[in-house]
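One structure is given here, and the rest of the page talks about it.
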6 protein chains.
Amino acid sequence: MPHVHLIVPTTTKFDFLDYVQGAITGMDITLSQSHLEVGTSSVESKFDEALGAANIVKRAVEAEANGADAVVIICMGDPGLWPAREAVSIPVLGPGQTAMHYAAMLGQRFSILPTLDGRQATYIGHARLYGLENSLASVRPAGISVLDIAVNPNTKDRLFACAEKAVFDDGADVLILGCGCFKNLDKEIENHLKQKGQAITVIDAVPLTVLTAAALAKTQLSHSKKAFCSPPVKERPGYEGFAFTESPSK
Amino acid sequence: MPHVHLIVPTTTKFDFLDYVQGAITGMDITLSQSHLEVGTSSVESKFDEALGAANIVKRAVEAEANGADAVVIICMGDPGLWPAREAVSIPVLGPGQTAMHYAAMLGQRFSILPTLDGRQATYIGHARLYGLENSLASVRPAGISVLDIAVNPNTKDRLFACAEKAVFDDGADVLILGCGCFKNLDKEIENHLKQKGQAITVIDAVPLTVLTAAALAKTQLSHSKKAFCSPPVKERPGYEGFAFTESPSK
Amino acid sequence: MPHVHLIVPTTTKFDFLDYVQGAITGMDITLSQSHLEVGTSSVESKFDEALGAANIVKRAVEAEANGADAVVIICMGDPGLWPAREAVSIPVLGPGQTAMHYAAMLGQRFSILPTLDGRQATYIGHARLYGLENSLASVRPAGISVLDIAVNPNTKDRLFACAEKAVFDDGADVLILGCGCFKNLDKEIENHLKQKGQAITVIDAVPLTVLTAAALAKTQLSHSKKAFCSPPVKERPGYEGFAFTESPSK
Amino acid sequence: MPHVHLIVPTTTKFDFLDYVQGAITGMDITLSQSHLEVGTSSVESKFDEALGAANIVKRAVEAEANGADAVVIICMGDPGLWPAREAVSIPVLGPGQTAMHYAAMLGQRFSILPTLDGRQATYIGHARLYGLENSLASVRPAGISVLDIAVNPNTKDRLFACAEKAVFDDGADVLILGCGCFKNLDKEIENHLKQKGQAITVIDAVPLTVLTAAALAKTQLSHSKKAFCSPPVKERPGYEGFAFTESPSK
Amino acid sequence: MPHVHLIVPTTTKFDFLDYVQGAITGMDITLSQSHLEVGTSSVESKFDEALGAANIVKRAVEAEANGADAVVIICMGDPGLWPAREAVSIPVLGPGQTAMHYAAMLGQRFSILPTLDGRQATYIGHARLYGLENSLASVRPAGISVLDIAVNPNTKDRLFACAEKAVFDDGADVLILGCGCFKNLDKEIENHLKQKGQAITVIDAVPLTVLTAAALAKTQLSHSKKAFCSPPVKERPGYEGFAFTESPSK
Amino acid sequence: MPHVHLIVPTTTKFDFLDYVQGAITGMDITLSQSHLEVGTSSVESKFDEALGAANIVKRAVEAEANGADAVVIICMGDPGLWPAREAVSIPVLGPGQTAMHYAAMLGQRFSILPTLDGRQATYIGHARLYGLENSLASVRPAGISVLDIAVNPNTKDRLFACAEKAVFDDGADVLILGCGCFKNLDKEIENHLKQKGQAITVIDAVPLTVLTAAALAKTQLSHSKKAFCSPPVKERPGYEGFAFTESPSK
């Protein structure tokens, strides 16, 4: 029975437990969840990531210490993904990377629909970093901030408009919702595009990423510790109480 | 409770049910399995794929008709993957493609350890086709045919040698077992490399692919039917009884 | 005097002998032609390819046995190309791959104008597989099925529209007719674009591919048998009478 | 007279002022320097970067407020580079990115010689992120930690050995010293390779990056604020006193 | 005090000394300048480059003999760049290559705005050759010949239109002025786009390239002579008096 | 009856007529040949290309004026290829580009075996420029100058050694002889490798390129004049008598 820990990388107490639980019923997965004390109320820039990253890594280390079998960082920008993998041995997944790889498997060209314009360069950068740049058709931001998604009356229409541009102008055959807070809009976009004559797959990454983390835990697979080495022993002023497994430098 | 159907794409009656069942206990997945009547005793070339492909597609169509929620074609060469996706709407996965995407997620450079020399160009071609060529460190064949794996006393040693070359000469940090019949050797290779000072992830793709297929079924995701269109209505001499959903040509 | 055998990979008896003969007069090339008994009336999907591939390979093996010096498979989707190369030693060319390489030589960015929407992902995939993805500007389908080309009164206008989009929106400087049945339309498209002020090269691949096959035969070159290995000896139920040169497994 | 501020992204008080000053005499550039209060004693992992990033960004914001014309982060891993660019408008350079682009200009294939094995995946990732993966010949770590460089008697020999492997085995024609603390070893490696018959360019990135930052300041160029958007207004618990120019979300 | 020699690769006596001098005041750089006797009045094609290349190389050799520390060839098409590097040891830069690398550093996707339509294929080719194809968003020619720039009343409007297309349709976040004679228009385009709500960096390459050449000279760096080997000793009819350092063939 | 003109781009009067004629008997192709008056005795660098390019273009223009249907520049470095295409409308091929595209068609990874070390960067650059970098396994120079090939007793042994390294170390399945003067050694290398158990295709590009040029002429195809635009009208001091079709600038 894999235990997957969800790190919500914001100081806002967004709750993903119920949502994910609803999507994975019957799969024999235990869930837990934590948030940040130090960081930002939402993550919409590399700047936000810089402010929260140390705290995200701390949450991952605590989850491993508490017996979690896998960790998922609930943000499409995958903040803290790489350093968290260095700090722990259990698999750590980000829904951004996971969704891009599924998208590349399920079609030939995918587009990402993020919140703000400012995420465009970031997602192009991530597609490069993950080795998937050739499969990226486009990034089409909705122009809505994370904290606005639930209250903005235009959220759905803007996503519909972005989805159409991605499919008809950019040639995408798979779409990725670019924020964990766009939940439940995937099937609505699929239906909207079906009415336009296009059979497109739309990925809401969070539940899929949790199931993927469980699949890794179940098959005893994790990230390569050659690629994501444990940090060597050294002084870390300001983080004196931060305990994790260090490796001798080599 | 997702029902995943395994197509063993050979006329040899290799059994994967027990093996997979053992790896996924508790995950609430139903399994079924079929083999080919027309094809080859093992799949080790695109030629073998050409002979079996029509029969593989038929098995996928039957599985969908029988209520399966997802299909996995049990061969690292992913024979019939693309045409089967065209013929059905439920997700169809091949362990070759699936493992390559996981490998790219879990490290920075992966190598594949297939059976025969003749598979080298095929796997380079697949890495290209799947958009992952930049993450492929090398293909290192063991020089053992599929039907020989179980009886050849050198199987393990040859894989150890290939694994070392992949890691030390080619820079791989993740390895993929290049045949579904190398089962149970993943952890032995990991341990062997650990003794050489290298913390490498080794992927035995079949159980992981079954769990991934279940994850897709669970989240109601499948391949894009824009990318993998249903074949248009036409005459198909020699396949008169082959019933599946066709689309009007457009 | 090279003998080039044309495999028309359909059960429809399309005739290409006269067309090709007219284009290569004086080049001292002997032509022959065969069709499929088992397969589909036209090839417009990977599904169609799966149904015809075994028969295509059989035709290639027969052609080699009958003394042909080279084989051309007359379909832009290059069905059966890879397995046929494994089964024989004489050069086997597909007009899809051949045209893409010529297009990359004669310009900087090429577009393909295929028949149906469903071919888009396939041609993107082939550009990848052939190592030419960076030179592909776009795939612009005409929305006409193969069997409709000759009778649809809009064939030419639709190709003109696709050609304009490829050149003006996608930046193509070379175009490839995406079906062997679009014959004789290459120069009409070139002239149409010239009137729009664009000096574009349009490739009708079939005659060019036959001349290329003859060039290979003449210089005693063929595909690398290291890349396209002869299939190893094994049982092939359903194909008992299929005789070709096998290699011992290695 | 451009003022370039150096951020040494460690809590160790490495001094780079004298070193850089010596290299740029006569170029009419003013230098200043700062270190971190919170972070790590050296930067050798993405984990270290996560711990120091917020403090690095703070230093960049302070430098801009204090009238600096450009910022250089003195670490080959470019920690905090992206978020610092989001937070300020003056150019921010990292010697890692800068050196890779110079290397790609001055030759055809470059290798990086970093400190520890654990940096291999990071530098491959950076070459990808910076769009230069095709020009990267290899990463050849010396196996020496940053804090050991000055005291390890084998530093020079290990770099010589790495340099030879990069040139003779991996085909590099330009080398990049992978740590700012390898200072003054560039010309020694060039000479060592010259004696082996190879005319290789070796880049010690820090002085070059300072001159490049001055060149940008002089020509009034900076990073694109479309790519590196100012972070939108929001709550940032734990960073209440952190003042910088925010943009409204869009 | 680095001495940078400017080769204006035309028989027209365009003067760049004053312009560059104004941009680099205080940087302690000495400038000199030469033109061609044999070649073309402007460089707008590879044909023009072919006619002037030998003379450009001669100017580079003379500059090195006269004590220059670096050479810049003042044309965005970088004519003669590669052969000049083979012929001399001091750094030789072209503003085309230099600007592309800066653009890739300062943003995520850049576009080039050249003079004539005929330069499109050339700049795509250069982006490939320099290893930067993935960062090139588009080439958007203004449709103005070099000798017309100063007198055509539409020059600025055409560049504004190209810049808008590059940013809004092609996704560029950095722009490169594609001709050295577009001088002083960079900031006007930046302002024009700012009014459209886009914070784009526009590069006028010539002064930046001169400062970059000085930075290389200052840090004693040059192109790799392994990549750009000195030409071996041989007969060169028509160039008998052309003296430069040759290497023995190897 | 296509007339193919061979430009031997050296002042040395190498004769290729007999050699090519022997390889293409019966193909109804007329051959002619010219050499340079101004240039170098052999072409082994971009420097040599710079000195000969104007004269090569002149030869191409003369060939077109004299009624040739196609031009082949007989040097693997393809000197003058791009400017010659700009200057004429008939197809102009270089054996370097042509061989690389054939190699990519006939296998999955090719290596080039040139004369001198100094050609390594050039051929990597050409593979990039031609869009084929991903298919290039390696460049393995023989260390023999062009003028030495015929007299050096080690020519064959050095090529054998290079070929073995390309196949066994670099993974090539197709090899390209990197100099037109290595003629007749292709089959010897194929046989040598066959004895080592490797079925490799070795390309001697010159006869193949002539047949390819004839195939283009026969099918009325040429390079795209959108990509290779005719040079605009302008003054060209030193080339006053050079008459060719110019286009108005646009």
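The values are calculated or read from the model by the stated rules, or taken from the named source; none is laboratory data. On a predicted model such as this, the values are computed, not experimentally measured, just so you know. In this analysis, Cβ positions are derived from the backbone assuming ideal geometry, glycine residues included, and neighbour counts consider all displayed protein chains. The area values use the complete protein model at the heavy-atom level, side chains included, leaving out ligands, DNA and RNA. Shrake-Rupley method; radii C 1.70, N 1.55, O 1.52, S 1.80 Å.
Starting from region D:140-156, keep only residues that are within 16 Å of D:Arg119 (Cβ to Cβ) and in the same structural domain as D:Thr122 (by TED's automatic domain parsing), then list their pairs with residues that are surrounded by fewer than 19 Cβ atoms within 10 Å (Cβ to Cβ) and among the β-branched types (Val, Ile, Thr) whose Cβ atoms are within a distance under 6 Å, requiring at least 6 positions of separation or different chains.
As it stands, the answer is D:Ile144/D:Thr155; D:Ile149/D:Thr155, since those pairs meet every condition given.
Could you pull out the residue among F:Ser34, F:Ser42 that is more than 8 Å from chain E (Cβ to nearest Cβ) and among the polar types (S, T, N, Q)?
F:Ser34
Within the set of pairs 6 or more residues apart or between chains, which connect a residue that is basic (Lys, Arg) inside region F:39-64 to a residue that is open to solvent by less than 10 Å² (accessible area, probe 1.4 Å) with Cβ atoms less than 7 Å apart?
Listed by first residue and then by second, the contacts come to F:Lys46/E:Glu86; F:Lys46/F:Thr122; F:Arg59/F:Ile7.
Yes or no: region B:212-235 includes at least one residue that is of a type outside the set (A, V, I, L, M, F, W, C), more than 29 Å from C:Glu49 (Cα to Cα) and touching a residue at least 12 places away in the same chain (Cβ under 8 Å).
Let us first name the residues in region B:212-235 that are of a type outside the set (A, V, I, L, M, F, W, C), namely B:212, B:218-220, B:222-226, B:230-232, B:234-235.
In the following step, the residues that additionally are more than 29 Å from C:Glu49 (Cα to Cα) were identified as B:218-219.
Still in the running and touching a residue at least 12 places away in the same chain (Cβ under 8 Å): B:218.
For region B:212-235, residues of a type outside the set (A, V, I, L, M, F, W, C), more than 29 Å from C:Glu49 (Cα to Cα) and touching a residue at least 12 places away in the same chain (Cβ under 8 Å): present.
Limited to region E:219-231, what total is found for residues that are open to solvent by 10 Å² or more (accessible area, probe 1.4 Å) and within 13 Å of chain F (Cβ to nearest Cβ)?
4
Which residue pairs have Cβ atoms closer than 6 Å, lie 6 or more positions apart in sequence or on different chains, and pair a first residue in region E:116-138 that is facing chain F (nearest Cβ under 8 Å) with a second residue that is acidic (Asp, Glu)?
Note: pairs meeting the criteria are E:Leu116/E:Glu44.
Which one of these is closer than 18 Å to F:Ala103 by Cα, surrounded by fewer than 24 Cβ atoms within 10 Å (Cβ to Cβ) and more than 9 Å from every other protein chain (Cβ to nearest Cβ): F:Glu240, F:Glu190, F:Glu246? Give the steps one after another, and end with the answer.
Values: F:Glu240 fails: closer than 18 Å to F:Ala103 by Cα; F:Glu246 fails: closer than 18 Å to F:Ala103 by Cα.
Answer to the check: F:Glu190.
Got a sec? Which of A:Val57, A:Val61 is part of a helix (DSSP H, G or I), within 21 Å of A:Ser222 (Cα to Cα) and open to solvent by 10 Å² or more (accessible area, probe 1.4 Å)?
A:Val61
Take the conditions in contact with a Leu (Cβ under 8 Å, 6 or more places away or on another chain), farther than 26 Å from D:Asp28 by Cβ and among the small types (Gly, Ala, Ser) and apply them to D:Ser135. Does it pass?
no
Any idea which of (1) out of contact with any strand residue (DSSP E or B) (no Cβ under 7 Å at 6 or more places or on another chain); (2) under 19 Å from A:Leu136 (Cα atoms) is the one A:Val202 doesn't satisfy?
(1)
With the structure loaded, tell me whether E:Glu49 is within 11 Å of chain F (Cβ to nearest Cβ) and in contact with a strand residue (DSSP E or B) (Cβ under 8 Å, 6 or more places away or on another chain) or whether it fails that test. Write out each step before concluding.
Details: within 11 Å of chain F (Cβ to nearest Cβ): yes; in contact with a strand residue (DSSP E or B) (Cβ under 8 Å, 6 or more places away or on another chain): no.
Considered against the rule, which asks whether it is within 11 Å of chain F (Cβ to nearest Cβ) and in contact with a strand residue (DSSP E or B) (Cβ under 8 Å, 6 or more places away or on another chain), E:Glu49 comes out as no.
Out of all the residues in region C:139-170, which are at the interface with chain B (Cβ under 10 Å from one of its Cβ atoms) and of a type in the set (Asp, Glu)?
Of everything in region C:139-170, just one residue is at the interface with chain B (Cβ under 10 Å from one of its Cβ atoms) and of a type in the set (Asp, Glu), namely C:Asp148.
Applying the selection to region E:195-207, what residues are touching a Lys or Arg at 6+ places or on another chain (Cβ under 8 Å) and more than 9 Å from chain D (Cβ to nearest Cβ)?
E:Val206
Considering each of C:Glu240, C:Glu235, C:Glu190 in turn, give the residue that is more than 20 Å from the chain's Cα centre (by Cα) and not in a loop (DSSP other than H, G, I, E, B).
Result of the check over C:Glu240, C:Glu235, C:Glu190: C:Glu190.
Within region D:69-92, can you find the residues that are more than 14 Å from chain A (Cβ to nearest Cβ) and either among the polar types (S, T, N, Q) or surrounded by fewer than 24 Cβ atoms within 10 Å (Cβ to Cβ) (or both)?
Those that are more than 14 Å from chain A (Cβ to nearest Cβ) and either among the polar types (S, T, N, Q) or surrounded by fewer than 24 Cβ atoms within 10 Å (Cβ to Cβ) (or both): D:Asp69, D:Ile90.
Which residues, counting only those in region C:64-90, are more than 13 Å from the chain's Cα centre (by Cα) and outside any loop (DSSP other than H, G, I, E, B)?
Hits for region C:64-90 are C:Glu64, C:Ala65, C:Ala70, C:Pro83, C:Ala84, C:Arg85, C:Glu86, C:Ala87.
Is there a residue being open to solvent by 30 Å² or more (accessible area, probe 1.4 Å) and either touching a Lys or Arg at 6+ places or on another chain (Cβ under 7 Å) or modelled with pLDDT of 95 or more (or both) anywhere in region D:208-218?
The answer is yes, given that some residue of region D:208-218 is open to solvent by 30 Å² or more (accessible area, probe 1.4 Å) and either touching a Lys or Arg at 6+ places or on another chain (Cβ under 7 Å) or modelled with pLDDT of 95 or more (or both).
Looking at region D:13-24, can you tell me whether even one residue there is in contact with a Pro (Cβ under 9 Å, 6 or more places away or on another chain), touching a residue at least 24 places away in the same chain (Cβ under 8 Å), part of a loop (DSSP other than H, G, I, E, B) and hydroxyl-bearing (Ser, Thr, Tyr)?
There is no residue in region D:13-24 that is in contact with a Pro (Cβ under 9 Å, 6 or more places away or on another chain), touching a residue at least 24 places away in the same chain (Cβ under 8 Å), part of a loop (DSSP other than H, G, I, E, B) and hydroxyl-bearing (Ser, Thr, Tyr).
Please give the number of the condition E:Ile112 fails out of (1) in a helix (DSSP H, G or I); (2) touching a residue at least 40 places away in the same chain (Cβ under 8 Å); (3) assigned by TED's automatic domain parsing to the domain that holds E:Asn152.
Every listed condition holds for E:Ile112 apart from (1).
Which one is farthest from E:Asp15 (Cα to Cα) among residues in region E:123-165 that are assigned to a helix (DSSP H, G or I), open to solvent by 50 Å² or more (accessible area, probe 1.4 Å) and hydrophobic (A, V, I, L, M, F, W, C)?
Step by step, filter region E:123-165, then rank; the result is E:Ala161.
Of everything in region C:166-181, what is over 20 Å from the mean Cα position of the chain (by Cα) and open to solvent by less than 20 Å² (accessible area, probe 1.4 Å)? Give them in sequence order.
Filtering region C:166-181 for residues over 20 Å from the mean Cα position of the chain (by Cα) gives C:166-173.
Result: C:Ala166, C:Val167, C:Ala172, C:Asp173.
Hey, does region C:39-54 have a residue that's surrounded by fewer than 24 Cβ atoms within 10 Å (Cβ to Cβ) and under 30 Å from B:Thr245 (Cβ atoms)?
The answer is yes, given that some residue of region C:39-54 is surrounded by fewer than 24 Cβ atoms within 10 Å (Cβ to Cβ) and under 30 Å from B:Thr245 (Cβ atoms).
Under 21 Å from C:Phe16 (Cα atoms) and of a type in the set (Ser, Thr, Tyr) - does that describe any residue in region C:76-93?
No, every residue in region C:76-93 fails to be under 21 Å from C:Phe16 (Cα atoms) and of a type in the set (Ser, Thr, Tyr).
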